[in-house]
Amino acid sequence: MPEQQAPAPQQQMSPEQIKALQEKIKQMSPEELKEFQKKQCIFCQIIAGKVQSRKVYEDDDVIAILDVNPANPGHILIMPREHYSIMPQIPDDEISHIFAVAKALSNSSLRALEVQGSNIIVANGVAAGQRAQHFMAHLIPRKENDGVKFQVPQKTISEEELQATRKILSESLGAKAEETKVVPTLLKMPREKKVVEAKFKEKKQHKKKKPIKNKETKKEKKSGSGESINLDDIAKVLGPG
Amino acid sequence: MKTRESCLICQIVGNKVPSYKVYEDDLILAVVDVNGANPGHCFVIPKNHYPIIEQVPDQELANLFSVANKISSAIFENLKVQGTNIFVANGIPAGQTVAHFMVNVIPRKENDGVNLQWKTKQLTEEEMSTVELKLKEQIQNVGVGKIENVEKPKTILENAEIQPTQSISDDDEEDYISKQMKRIP
């Protein structure tokens, strides 16, 4: 379905793009068409190589392609090969990998595309702007005055509402941790009481510790690799705080 | 712990500025945004001070997004919303306002005033090819970090510290499981 490929709901694909896509669908074998209809997902077809795309990165689990309707040049869609509709369905290890790829591609676009930043956007649900049925993370390289304007309003949230959402969410997350403990496949992860206690102790120490400034700046300089672009420079422009 | 005294987020991490914490472990903290785009808007931050994503070590990044995902699930299940966005602004042109990397989790409803859409730019096939080649080449140099052991975040939610009376009872867990069953596909 052509509209599934358009990431922005208020915009549609051009008639030529729709036609080109319909043409591709027509040319598919019955088996392919069946599979297509079954999955109803153009991105599974892209991943299977049945629909052409401009791949910038791929491995066993993740594929990254250029968006045909980019917000900016270098706009990338990062997707798991496995079909998931929304992020909460995806296992942790895949999430980690998807965003490790996003980080590497953000880094790559800073180096290769003369941009000074990037946005990473995931939409779960139509109300959030999701158009594709296949989970994807958008990576949008950014420059000054590039015409991309996201509206993230700053609303005044009442004290009661803040307290209420904090309580609901923290309990939900805490309950989740309780729940994962009883899942046998997760038991290999160290979760014994000992570990937890140790972490608490550690944390108390952190509070007492005062940050050692020199050490920290040294470390940060190390972390930015200085090839064609110095990440620290980009970070520094953000100012102190 | 890498901290910067002038950084507001580091002050939140250090409990010098009060916050509404929803999740905490030794490397990660998630709080409700007091000026959120919607009620329940949370941001997930590394406790260490890293201004941009490129500086965040892979393991910490993995846990950040894993926690963001859990918060997204919790929002789906517990707040009456129709969706969530995960939003990262990396660098000033991307709209980053605080020099401490953060992952925003934004609950969404229809017509809530949040807009993360964009106008499509028309690129020629040649321009697309050039971008494709440049990125393909560059990511080979940059490389993708491999995480050997994905460490499932250990919830050390300091309920005791925030609200001494609060604990997670069996009822809550049952409630959670029943909610899990009705979970949105």
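The values are calculated or read from the model by the stated rules, or taken from the named source; none is laboratory data. No experiment lies behind these values; they were computed from the predicted model shown. Cβ coordinates were reconstructed from backbone atoms using ideal geometry, including for glycine residues, and neighbour counts include every protein chain displayed.
Among the residues of the stretch B:24-40, those identified as in contact with a Pro (Cβ under 8 Å, 6 or more places away or on another chain) and facing another protein chain (nearest Cβ under 8 Å) are B:ASP25, B:ALA37, B:ASN38, B:PRO39, B:GLY40. It is to be established whether one or more residues within the stretch B:56-73 are facing another protein chain (nearest Cβ under 7 Å) and in contact with a Gly (Cβ under 6 Å, 6 or more places away or on another chain). There is at least one residue in the stretch B:56-73 that is facing another protein chain (nearest Cβ under 7 Å) and in contact with a Gly (Cβ under 6 Å, 6 or more places away or on another chain). Applying the criterion of at least 1 residues that are modelled with pLDDT of 55 or more to the helices (runs of 4 or more DSSP H) found wholly in the stretch B:103-185 leaves B:125-142. Restricted to the stretch A:89-108, and to residues there that are at the interface with another protein chain (Cβ under 7 Å from one of its Cβ atoms) and polar (S, T, N, Q), the residue that is nearest to the chain's Cα centre (by Cα) is A:SER96.
Checked against the criteria, B:GLY95 does not count as touching a Ser or Thr at 6+ places or on another chain (Cβ under 8 Å) and at positive phi. The number of residues in the stretch A:38-60 that are in contact with a strand residue (DSSP E or B) (Cβ under 6 Å, 6 or more places away or on another chain) and within 14 Å of another protein chain (Cβ to nearest Cβ) comes to 5. Sub-8 Å Cβ pairs linking a first residue in the stretch A:13-29 that is more than 17 Å from B:GLN122 (Cα to Cα) to a second residue that is among the aromatic types (Phe, Trp, Tyr), at least 6 apart or interchain, are A:ILE25/A:PHE36; A:MET28/A:PHE36, ordered by first then second residue. Here B:ALA37 qualifies as among the small types (Gly, Ala, Ser) and assigned to a loop (DSSP other than H, G, I, E, B).
Only one of (1) part of a helix (DSSP H, G or I); (2) of a type in the set (Phe, Trp, Tyr); (3) in contact with a Ser or Thr (Cβ under 7 Å, 6 or more places away or on another chain) fails for A:PHE135. Which number is that? Unmet for A:PHE135, out of (1) part of a helix (DSSP H, G or I); (2) of a type in the set (Phe, Trp, Tyr); (3) in contact with a Ser or Thr (Cβ under 7 Å, 6 or more places away or on another chain): (1). Only one entry of A:ALA123, A:ALA127, A:ALA100 meets the criterion of being assigned to a helix (DSSP H, G or I) and under 19 Å from B:ASN115 (Cβ atoms), and that entry is A:ALA127.
Tally the residues that are facing chain A (nearest Cβ under 7 Å) and in contact (Cβ under 8 Å) with a residue 60 or more places away in the chain, restricting the search to the stretch B:107-125. Number satisfying all stated conditions: 4. Scanning the stretch B:1-34 for residues that are surrounded by fewer than 19 Cβ atoms within 10 Å (Cβ to Cβ) and not in a loop (DSSP other than H, G, I, E, B) yields B:LEU8, B:GLN11.
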